[in-house]
Amino acid sequence: MTQLRENYNEINETGYQTVIVAPSNREYLEQFVEVFGPFPYQIYGDPKRKLFRKMGNLTMPKWKLLLQAVIGFIKHGKKAFIPDDNAKKKLVQTAMKTQDIYIQGSTWVFNNKGKVIWKHIDTEPGDHASIRTIINVLRKH
């Protein structure tokens, strides 16, 4: 979401609109925006993950995510996933206890008729579509 925020103007210039759907409830998203925001686009919640499942998002096996966390901790210490800022740290720790941290995201591009013209479904936390790829797709269409 940070890359989308940082490149919002460039994305917006393509004529496309950015919409975020997160597997969280409204209360948590409001806290997230307060601590990590502001964001120049809407963030909607899908706490029951109905849209996430329908769109084919993957749930990473717990052992795989825990293994990645251990490797990240060994390489970078707790900074690999726990921010230094107290408000951000508290929210991340809450998310680790209360949110579905195993579900992976995806990026979708729809035309003005609602037809999917491009998609990328993440297989793990580091498998996001790059912002350059997304912008190139938007410029082609």
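So here's what we get for this one:
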{"quantity": "Subset tally (residues that are part of a loop (DSSP other than H, G, I, E, B) and over 14 Å from the mean Cα position of the chain (by Cα)) for segment 1-46", "calculated": "8"}
{"quantity": "Neighbours by Cβ (under 7 Å, 6+ apart or cross-chain): first from segment 29-45, farther than 16 Å from I11 by Cα; second charged (D, E, K, R)", "calculated": "V35/K88; F36/K88; G45/R26"}
{"quantity": "Any pair with Cβ under 7 angstrom, 6 or more apart, that starts in segment 14-26 at a residue that is in contact (Cβ under 8 Å) with a residue 40 or more places away in the chain and surrounded by 15 or more Cβ atoms within 10 Å (Cβ to Cβ) and ends at one that is of a type in the set (D, E, K, R) and in a loop (DSSP other than H, G, I, E, B)", "calculated": "P23/D46; P23/R49; P23/D100"}
{"quantity": "Scope segment 80-136; condition within 23 Å of T18 (Cα to Cα), modelled with pLDDT under 85 and of a type in the set (A, V, I, L, M); matching residues", "calculated": "I101, I103"}
{"quantity": "Answer from P40, P83, P47 - the residue that is within 19 Å of Q3 (Cα to Cα) and in contact with a Ser or Thr (Cβ under 9 Å, 6 or more places away or on another chain)", "calculated": "P40"}
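The values are calculated or read from the model by the stated rules, or taken from the named source; none is laboratory data. Computed from a predicted structure; not experimentally measured. Glycine also receives a Cβ, built like all others from the backbone with ideal geometry; neighbour counts cover every protein chain displayed.
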